[in-house]
């Protein structure tokens with residue numbers, strides 16, 4: 001019997017059992033592999049966020065898709081033996097208007113689960129992660145890259161950053177050393193044991209050392225730098241680069257207001 005915390009999945013990873021109000025667009029997640037459907041989703045979202053380039057909307061959408069990847073890691077960190085099915089066939093993409101900006105959520109169509117083998121737990125996790133990225137995530141990233149004329153590594157960077165930040169939060173909230181060891185070992189399965197081919201790349205995008213910058217307002221504390229630019233500077237207005245953007249030079253970062 002599963003003990004999935006659906007409230008946590010919704011609050012942290014945008015997976016939900018509910019249909020939102022002020023819906024703009026809803027499509028089965030499997031339809032994201034259809035060029036025309038993906039184009040409609042990204043172009044509709046692009047207009048709502050006032051992106052000057054389709055690539056910016058693609059990068060921003062990938063940060064929402066990272067929530068599905070984060071949900072997978074969340075279940076693994078918990079050591080769940082029954083994992084909620086978050087494959088494209090069991091999700092619907094929901095774009096809706098929030099109070100301040102448009103939002104995406106991924107509706108869980110059916111409460112169905114995949115069982116992790118009890119004998120070789122790590123091997124079961126590795127196979128599940130390989131299948132999840134190879135069959136569910138990578139095809140979406142590849143099509144999005146082609147459609148929006150943005151390199152796949154820039155899109156993978158949004159997911160890598162999200163999962164690195166998630167892991168650090170999990171470690172900080174861990175109850176003890178045993179829990180921290182489990183989290184670290186589980187993340188290592190993703191970065192060391194999933195073959196690069198599952199991501200359609202020569203190298204596993206998660207197998208990289210995190211980069212940090214000094215926190216501007218808290219002494220002796222570091223902040224995780226983004227893995228790739230999210231292209232927020234391509235939105236209308238004078239937003240510019242994020243404070244943690246890897247494109248921002250140190251001297252320019254020092255002059256940028258932090259919020």
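Side notes on the structure shown:
- Selection count, the range 224-255, where residues are buried (at least 16 other Cβ atoms within 10 Å of the Cβ) and at negative phi: 17
- Members of the range 192-210 that are over 16 Å from the mean Cα position of the chain (by Cα) and under 29 Å from residue 52 (Cα atoms): 200, 201
- Those residues of the range 82-119 which are out of contact with any helix residue (DSSP H, G or I) (no Cβ under 9 Å at 6 or more places or on another chain) and assigned to a loop (DSSP other than H, G, I, E, B), in sequence order: 85, 98, 99, 100, 119
- Selection status of residue 225, at pLDDT 95 or above and touching a helix residue (DSSP H, G or I) at 6+ places or on another chain (Cβ under 6 Å): no
- Pairs with Cβ under 9 Å, 6+ apart, first in the range 33-48 and in contact (Cβ under 8 Å) with a residue 60 or more places away in the chain, second loosely packed, with under 14 Cβ neighbours inside 10 Å: 35/146
- If the condition is being within 20 Å of the chain's Cα centre (by Cα) and more than 21 Å from residue 132 (Cβ to Cβ), then the range 26-38 contributes only 26.
- Residue ID - nearest to residue 59 (Cα to Cα), chosen from residues in the range 211-243 that are in a loop (DSSP other than H, G, I, E, B) and in contact with a strand residue (DSSP E or B) (Cβ under 6 Å, 6 or more places away or on another chain): 225
- Residue 79 falls short on exactly one of the conditions (1) in contact (Cβ under 8 Å) with a residue 40 or more places away in the chain; (2) surrounded by fewer than 20 Cβ atoms within 10 Å (Cβ to Cβ); (3) not in a loop (DSSP other than H, G, I, E, B), and that condition is (3).
- Residues being within 18 Å of residue 99 (Cβ to Cβ) and surrounded by fewer than 16 Cβ atoms within 10 Å (Cβ to Cβ) - total across the range 5-23: 6
- Within the range 45-56, the set of residues being in contact with a strand residue (DSSP E or B) (Cβ under 9 Å, 6 or more places away or on another chain) and surrounded by 15 or more Cβ atoms within 10 Å (Cβ to Cβ) comprises 45, 48, 49, 51, 56.
- Taking the numbered list (1) over 19 Å from the mean Cα position of the chain (by Cα); (2) over 18 Å from residue 75 (Cα atoms); (3) buried (at least 17 other Cβ atoms within 10 Å of the Cβ) in turn, residue 124 passes all entries but (2).
The values are calculated or read from the model by the stated rules, or taken from the named source; none is laboratory data. The structure presented is a predicted model; accordingly, all values stated were derived computationally and were not measured. Note that we place each Cβ from the backbone using ideal geometry, even for glycine, and neighbour counts take in every protein chain shown.
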